[in-house]
1. Among VAL152, VAL77, rank each residue by its count of other Cβ atoms within 10 Å, from fewest to most, as a rough exposure measure.
2. Starting from the Cα of LYS132, draw a straight line to each of the lysines and keep only those under 20 Å, dropping any in the same chain fewer than 8 residues away.
3. DSSP loop (so not H, G, I, E, B), at most 11 other Cβ within 10 Å: list which trypsin sites (Lys or Arg not before Pro) in region 35-82 pass both filters.
4. Quick one: compute the contact order of the chain, relative version, from alpha carbon pairs under 8 angstrom and 6+ residues apart, as a percent.
5. Among 261-271, 162-172, how do they line up from the highest to the lowest mean number of other beta-carbon atoms within 10 Å?
6. With viscosity set to 1.306 mPa s and temperature to 10 °C, compute the Stokes-Einstein D of the chain, Rh being the Kirkwood radius across alpha carbon pairs; µm²/s, no decimals.
7. Farthest toward the dipole's positive end in the chain, which of TYR107, SER184, ALA220, given Cβ charges of +1 (Lys, Arg) and -1 (Asp, Glu) about the Cα centre?
8. As a check on your grasp of the helix formula, calculate [θ] at 222 nm for the chain: sum -39500 (n - 2.57) over DSSP H runs of n ≥ 4, divide by the residue count, round to the nearest 500.
Amino acid sequence: MEDHQLHSRVEAAQAGDADALQDVVRAVQHDVFALALRIVGHRDDAHDATQEVLIRVVTKLASFRGESRFRTWVYRVASNALLNFRVELKMREQTFAEAGDQLDAGYEYGESIAAPVAPDDPAHAALVTEVKLFCTQGMLMCLDRPQRLAYVLGEILELDSEDGAAILEITPEAFRKRLSRARSAMAAFLQSRCGVANPQCRCRCEKLVPAAVARGFIDARRPTYQTIPIHRADRLREDIEQLRSAAEVFRSLPVYASPSDFASAIRSWIEGESGRLDMH
């Protein structure tokens with residue numbers, strides 16, 4: 001939905017139009033889920049966070065005055081919620097040092113044991129892809145949440161410093177500094193540890209498959225990331241091995257779609273709670 005169309009539906013929803021409200025939620029639910037997944041890491045946590053954010057969007061909708069793009073306002077609501085969402089997550093937040101040790105241990109394990117699936121088995125390629133997706137998400141979890149939000153907004157979504165600052169409710173200068181620190185930390189880790197970004201590094205995704213399966217990080221029968229619907233995959237590069245920078249690595253990943261129709265569920269919740277729609 002184009003911005004002008006969305007703005008019109010927002011105004012109708014603020015006036016009490018239930019169909020318009022459903023359209024509004026459906027227009028932004030993919031954006032919210034994709035952001036939530038990058039911030040909390042695991043599909044299930046992202047699903048719960050998306051529901052929480054969209055309920056906040058609905059209950060705060062009357063406060064939107066059109067002073068910014070509606071999606072910018074939604075990202076602000078989402079960012080505030082995600083900064084404080086659940087201390088315990090299914091994908092653990094960690095430091096880059098811890099992640100490096102984990103990669104080293106996984107590589108050593110992969111060198112010492114046979115792969116769970118033969119390299120010529122079609123399932124092997126799927127496992128390698130899942131490790132790549134899991135590992136890149138794990139790298140994001142090494143940034144603290146304020147830096148992670150700045151990195152996702154500025155580096156992956158490529159929002160400018162004005163929009164990023166408005167979303168995080170800080171100055172553009174503070175946003176640029178936060179983003180710069182996150183970029184530096186991520187680039188340093190990738191260049192020193194990741195064979196995708198730096199071919200001189202020994203780590204290879206296929207070598208991590210045995211450890212990832214053995215430790216339960218990935219499930220060969222039910223991949224976490226490859227079963228999430230794709231909202232936009234036009235930027236996904238088939239040959240990820242040719243990527244040479246942190247920005248390229250993360251921008252090459254698919255943009256995930258919301259796995260649930262939150263719009264219909266929230267409408268049912270509102271009508272069940274109040275018997276009628278009243279945004280004021």
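1. On the way: VAL152 25, VAL77 21.
Listing VAL152, VAL77 from fewest to most nearby Cβ atoms yields VAL77, VAL152.
2. Result set, ordered by chain and number: LYS90, LYS207.
3. Details: sites: ARG38, ARG43, ARG56, LYS60, ARG65, ARG69, ARG71, ARG76; in loops: LYS60, ARG65, ARG69.
Of the trypsin sites (Lys or Arg not before Pro), the ones in loops of region 35-82 whose Cβ has at most 11 other Cβ atoms within 10 Å are ARG65.
4. 25
5. Packing proxy ranking, top to bottom: 162-172, 261-271.
6. Here the translational diffusion coefficient equals 79 µm²/s.
7. SER184
8. Mean residue ellipticity at 222 nm (helix-derived): -19500 deg cm²/dmol.
Bear in mind these aren't lab numbers, they're just calculated from the coordinates by the rules spelled out. None of the values given here were measured: they were computed from a predicted structure. Reconstructed Cβ throughout: ideal geometry from the backbone, glycine too, with neighbour counts over all protein chains shown.
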